[in-house]
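Right, one structure below, let's go through it.
Each reported figure results from applying straightforward, stated rules to the coordinates on display, with no laboratory input. Fair warning: this is a prediction, and the values are worked out from it, not measured in the lab. Neighbour counts run over all protein chains shown; Cβ positions are idealised from the backbone, glycine included.
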């Protein structure tokens, strides 16, 4: 498998783990990989009347820090994606969350960062 294929497989595995994580915590999954060209929202979930636009960052490197990948450019893109979402769902109560998935052992390690963009 080439590097691009490995990266896609890692991302897909991370998103699957993030979906399981959210469902176990009472979230309903509304959509995955929702595109508003050129932006994409990895997971759209709902809990307690709030729509969560969830960015998933996944790595197979131990000790990896997802906050380093949450750059100002990525934050700006998520804000644009959220604004596009709101144009299609006016009045929705939303927040942007980040889930970091580390795939280094037998079980994925997940860290949840709620409401990362204010």
Exercise for the section: Extending each Cα 7 Å along its Cβ direction at residue 28 and residue 60, get the distance between those two points in nm, one decimal. Expected result: 3.7
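Express as a percent, rounded to the nearest 5, the fraction of DSSP beta bridges in the chain (both residues included) that run antiparallel.
Working: 17 of 26 bridges.
Among the beta bridges of the chain, antiparallel pairing accounts for roughly 65 percent.
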Handout entry: Label-point separation in nm, residue 92 to residue 12, each point 7 Å along Cα→Cβ
Key = 2.5
Completion exercise
So the angle from the long Cα axis of helix 3-24 to the longest Cα principal axis of the chain, reported in degrees to the nearest 10, equals 60
Practice task
Output the Kirkwood hydrodynamic radius of region 3-113, Cα pairs only, in Å rounded to one decimal.
Solution key: 14.4
Practice task
Quick one: pull the percentage of alpha-carbon pairs in region 34-84 with a separation above 19 Å.
Solution key: 36
Practice task
Would you mind checking the tilt of helix 72-88 against the longest principal axis of the Cα atoms of the chain, expressed as 0 to 90 degrees and rounded to 10?
Solution key: 40
Problem - Pair residue 113, residue 71: separation of 7 Å Cα→Cβ label points (nm) - result: 1.5
